[in-house]
Amino acid sequence: MSMSMYRTPCAAVSRIRKSPLAFLASEIRNLSTTTRRCINMEDYPTEKIRNFSVVAHIDHGKSTLSDRLLELTNTIKPGQNQQVLDKLEVERERGITVKANSSSMLYDYKGDKYLLNLIDTPGHVDFSYEVSRSLGACDGALLLVDATQGIQAQTLSVFELASQRNLKIIPVINKIDLPAAEPDAVIEQVLMQFDLDIDSALPISAKSGLNVEKVLHAIVDQIPPPPPSPTPPRQQPLKALLFDSYFDKFRGAVSLIKIESGSIQKGDVVVSHHSKSRYTVGEVGVLNPAEKPTTHLQHGQVGYLVCGMKESSEAHIGDTIYKQSQPVEPLPGFQPVKPMVFAGVFPVDNKDFLRLEENVKRLTLNDPSVTVNRESSNALGQGCRVGFLGQLHLDVFRQRLEDEHDSEVIITAPTVPYKVIQGGEERIVRVPSDFPEPHELSNKKASLFEPYVNAEVIVPDEYLGSVIELMSAHRGDQVAFNYLENSNPPRVHLKYHVPLAEIVTDFYAKLKSATSGYASFEYQQADYVASDLVKLNMLIHHRPVDALAMIVHRSKSMDVAKHWVSKLKDVIPKQQFEVAIQAAIGQKPIARETIKAMRMNVTEGLYGGHFDRKLKKLNQQKRGKAKLKTKAVGNIHLPQSAFYDLMKS
């Protein structure tokens, strides 16, 4: 293969296509590089490449620092961009990063040209998998810490992820220009906690740009280039790590890849190691931050790949891409993402189901971590059972349905995947309807297990008692307790082993309330633990409502039952007869509320007369209500509006 193959001119520049991860045309006009002109990758050999990520706790300034780096390398125009790599509307509105993104920057330093590949990562605990897989494409990381807050729970987590991959870590202390900043104390705390070189910390202000140029210098000087190739890339077999993807309605799934060895160009026939599917490469290039095609990508480089994948589900995160003519062993570390929170998603109006299903499918094109299956409910009609990474992931998905597709939905109470061993067979229960019946549990025919997580909380010591009380109320077992060094005011680092079901609903809000917002929280999936679980059924007028069934720990069943029957009483309209609301385990009710019947004054039109006339009317009313109640068995249904209010409260 001659070198001339890599120097052929690019195909005609096509019009910019819209996609959830591509800029809208109005945004692209603000970029300093507005055309998709080719970049000659031969100008950037392996030793001139730096692949790095920015990792931090949520709200410590990752997206802002990314903006400044893009501006200083003339990738975008200064002063006209905010959260350039946060392309989803929900990301900009909430000020969080949900989807890992990347951008290549061309940087001249000391007379040499460098290709800096920035891979931005989320900061919230729900999206830690995005952080992990993105770090797999990096050789170094900027560990960003807020000078006003110091080390937080997610800081510890992302540092551990980066350390496990032996990345070069550069500590960067952000927001030093704020009045409450204590940069010296935070620098000392970071260096001692993580055993880093005292001269390596960089105090900056990403918002104003103070000292950000020094960050670029440190990236070039301290982060190593990808390991050198023993032979020319074109002579090596292709090994490409697929670390992310997004969907384009004209071209299908666009894969983000890092070339671990070899090279790839238009026309190559490649194979997915996971699915064994074969594809023909239609285009390769880099994100700058908009797509820019290149003649090829080679060893050490990061870019995008278009090869005719029709759906994002074909782009398996962590997969190895290789050439059909040169089969290779897969790159280590491929682990499919597993949703850990499941909820039913139903339209407010049953007639809108097909539209809702189509909108859900469109969103999942850009989020392969979401699983979707049809679900039918007697109370809510047709809907979808959707799997998410966590509660925030669920909230973001709901908001995107509303913002991007104008879909108002009812989302049932979230559940986690429980493990059931029954008759020697193991299965995962994601919906209460699949839970074993009480007689099977009483006969010891089934064993139940629930998922646990390893949780970490960092909190000022004045709130220590509140946190310990909260964790105990959520069935948490304390594993470790220590004070952070050089922390003012003193802060405590707590580790707990806690059931996942206890933290997927309102736990984070309770923690913030108990600590006046000063606590930080982080967790990682742990293991399954044997547990005493029960299925709690909600009955309205003695008939179960399938959409309200839930799986709870037996010790919590009474409190949960009382809470839900009280909520139901508030939203169910009054009937002309008395309605019983019950919570039951099997056939045994454990909580009850009663909605009194509406009463019409049947004696209102009687003026004077004998008492017997009034009594006759009242007895007629009583017999009529009894007859109506008998006929109405099974006909009491929650209106959709009541369900909507119930799930929102």
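Data for the structure
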{"read-out": "Approximate spin-label separation residue 378-residue 580, in nm, with each point projected 7 Å along Cα-to-Cβ", "value": "1.6 nm"}
{"read-out": "Orientation-averaged projected area, Cα convex hull of region 419-531 (nm²)", "value": "8.1 nm²"}
{"read-out": "Residue-by-residue Karplus 3J(HN,Hα) for region 241-252, coefficients 6.51, -1.76, 1.60, Hz, glycine and proline x", "value": "8, 8, 10, 5, 7, 9, 10, 10, 5, 8, 10, x"}
{"read-out": "Cα point-scatterer Debye curve for region 124-211, base-10 log of I(q)/I(0) at q = 0.15, 0.17, 0.20, 0.26 Å⁻¹", "value": "-0.56, -0.71, -0.95, -1.32"}
{"read-out": "Value in Å of the Kirkwood radius, where region 168-216 supplies the Cα pairs that are averaged", "value": "11.1 Å"}
{"read-out": "³J(HN,Hα), Karplus 6.51/-1.76/1.60, whole Hz, each residue of region 576-584, x for Gly, Pro", "value": "7, 9, 5, 10, 8, 10, 10, 10, 9"}
{"read-out": "Unit charges on C-beta of K, R, D, E only; dipole of region 196-286, Debye", "value": "540 debye"}
{"read-out": "Out-of-range pairs (alpha-carbon distance over 26 Å; input 77/239; 77/214; 258/361; 512/567; 239/361)", "value": "77/239; 258/361; 239/361"}
{"read-out": "Calculated FRET value between residue 571 and residue 217, using beta carbons and R₀ = 56 Å, to 0.05", "value": "0.40"}
{"read-out": "Contour excess over end-to-end distance, with Cα ends at residue 422 and residue 445 and 0.36 nm allotted per residue", "value": "7.7 nm"}
{"read-out": "Approximate spin-label separation residue 275-residue 403, in nm, with each point projected 7 Å along Cα-to-Cβ", "value": "2.8 nm"}
{"read-out": "log10 of Debye I(q)/I(0), alpha-carbon scatterers only, for region 233-323 at 0.12 Å⁻¹", "value": "-0.29"}
{"read-out": "Cβ-based exposure ranking for 165, 430, in which fewest neighbours within 10 Å come first", "value": "165, 430"}
{"read-out": "Proximal charge balance of residue 273 [Cβ under 9 Å; K/R count +1, D/E count -1]", "value": "-1"}
{"read-out": "Ordering of 584-592, 384-392 by packing [mean C-beta count within 10 Å, highest first]", "value": "384-392, 584-592"}
{"read-out": "R0 of 41 Å, Cβ-Cβ distance residue 473-residue 199: FRET efficiency to nearest 0.05", "value": "0.35"}
{"read-out": "Fully extended contour minus Cα-Cα distance, from residue 324 to residue 528, at 0.36 nm per residue", "value": "69.4 nm"}
{"read-out": "Stokes-Einstein D for region 294-422, Kirkwood Rh over Cα pairs, 20 °C, 1.002 mPa s (µm²/s)", "value": "124 µm²/s"}
{"read-out": "Order of 258, 168, 512, 535 under a 10 Å beta carbon neighbour criterion, fewest first", "value": "512, 168, 535, 258"}
{"read-out": "Prolate/oblate/rounded label for region 201-356 (Cα gyration tensor, a/c 1.5)", "value": "oblate"}
{"read-out": "Anchor residue 48: aspartates and glutamates whose Cα lies under 19 Å away (excluding residues fewer than 8 positions away in-chain)", "value": "108, 112, 139, 213, 221, 260"}
{"read-out": "Sorted by Cβ neighbour density within 10 Å, fewest at the top, the residues 613, 234", "value": "613, 234"}
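Rule-based calculations on the coordinates, nothing more; no lab input. Here the structure is a predicted model, which means the values were calculated and not measured. Note: ideal-geometry Cβ built from the backbone for every residue, glycine included; neighbour counts use all protein chains shown.
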